[in-house]
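Working notes, structure below.
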Amino acid sequence: MSAGAIEIKDLRVDYGDFVAVNDISLSVPYGEVFGLVGPNGAGKTSTFRVLATLMEPTYGEVSLAGIDILENTERAREVIGYMPDLAPVPSDLKLWEFLDFHADTHRLGNRKERRARVDECLDIVNLTEKENAWCKALSRGQTQRLVLAKTLMHRPSVMILDEPASGLDPLSRREMRHALQKLAKGGATVLVSSHILTELAEMCSSLCVMNEGNLLASGTAEEVRAKLGKKERSLRATFLAENEAVLRWLRTDSRISEIRADGPDVTFHFVGNDEEQVGFLRTLASGGFGLKAFEEEGSSFEDILVQVAEENRKS
Ligand SMILES: Nc1ncnc2c1ncn2[C@@H]1O[C@H](COP(=O)(O)OP(=O)(O)OP(=O)(O)O)[C@@H](O)[C@H]1O
Ligand SMILES: [Mg+2]
């Protein structure tokens, strides 16, 4: 099992009787920024702690950059860069001192060589101007980027980043995204988690969805959406005026249910795929009903995740 940069096979994490990660398997190719998305308690951090060799799994196999992390833990640590969520930074060091300390810990050469690496890492995360600032004086977004710089200090080829964009504003998120994509272009493989699907969709080439310890779907953001999206869509049509004729017409279509009219607004459920919806919309628009607007409700990424989480809770 050494095809991808990250290979996980039947990974299980139990805390006593509680199953936090339920036999998941995953393969991430080299050079990807890959997302793991799931609501609170999905098992993301538990999975990442195993990958970072901080915790032994109940069972399962994991190889990173071709190294079996359970058999060759020390060697694996050399290729792993792990960024925990809410990582602390020291208050009494300047940025460059903090990074230099880590460069020294990793024995990254003499003073001059270390300094060169510190400068490189500061540049990747766009904090060069702050090199002489105190760590404690950074904003949240800057702190996240500093921790990222520390994580990449030893040039890891597999980066495991737990919620690196949490609490970041859109600009800081974009900077984080650029930093991660730059790393992937340089050959690193990046696994990044979030509970916000849209955040990962813009950052990652592919992603997978985790809920209550299970992996539910993986692929591009669009593929995941299609896999998890319900076949039954909730649609809303708005007409020029209240429209009895359209209600009668909708009732004759067996694919349609739950029709609700509120003045000129009509919502209903439609069973069918994208092409069938296009055909339906074409007929509706050309039927002389005075159709003014049309939208699909409840199908955003976030809605889908909420639906999935609720369905799991019920079952
Ligand atoms: N040390 C522990 N002992 C017992 N249960 C734990 C422990 N760590 C995590 N859990 C449980 O395992 C489940 C998964 O937790 P985990 O931290 O992996 O989730 P997560 O996806 O990272 O969530 P979040 O988005 O909140 O960070 C949760 O239900 C949690 O309560
Ligand atoms: Mg977590």
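Quick look at the numbers
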{"read-out": "Extreme residue, nearest to the chain's Cα centre (by Cα), among residues of the stretch 19-59 that are near ligand 1 (Cβ under 8 Å from one of its atoms) and over 25 Å from Leu183 (Cα atoms)", "value": "Pro39"}
{"read-out": "The one condition in (1) surrounded by 22 or more Cβ atoms within 10 Å (Cβ to Cβ); (2) over 16 Å from Gly43 (Cβ atoms) that Arg177 fails to fulfil", "value": "(1)"}
{"read-out": "Pair list, Cβ under 6 Å, 6 or more apart: the stretch 195-216 residue away from ligand 2 (no atom under 14 Å from the Cβ), other residue of a type in the set (Lys, Arg) and open to solvent by 10 Å² or more (accessible area, probe 1.4 Å)", "value": "Met203/Arg177"}
{"read-out": "Single match in Leu51, Leu36, Leu138 (criterion: buried (at least 16 other Cβ atoms within 10 Å of the Cβ) and free of Cβ contacts under 8 Å to residues at least 60 places away in the same chain)", "value": "Leu138"}
{"read-out": "Filter result (small (Gly, Ala, Ser) and more than 16 Å from ligand 1 (Cβ to nearest atom)) within the stretch 66-119", "value": "Gly66, Ala76, Gly81, Ser91, Ala103, Gly109, Ala116"}
{"read-out": "Count of residues meeting criterion [in a strand (DSSP E or B) and more than 17 Å from Thr283 (Cα to Cα)] in the stretch 228-256", "value": "3"}
{"read-out": "Pairs with Cβ under 6 Å, 6+ apart, first in the stretch 257-268 and closer than 16 Å to Leu284 by Cβ and of a type in the set (A, V, I, L, M, F, W, C), second open to solvent by 60 Å² or more (accessible area, probe 1.4 Å) and part of a strand (DSSP E or B)", "value": "Phe268/Glu258"}
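The values are calculated or read from the model by the stated rules, or taken from the named source; none is laboratory data. Since we're looking at a predicted model, the values are computed, not measured. Cβ coordinates were reconstructed from backbone atoms using ideal geometry, including for glycine residues, and neighbour counts include every protein chain displayed. Accessible surface is based on the protein model in full, side chains and every heavy atom, while ligands, DNA and RNA are left aside. Shrake-Rupley method; radii C 1.70, N 1.55, O 1.52, S 1.80 Å.
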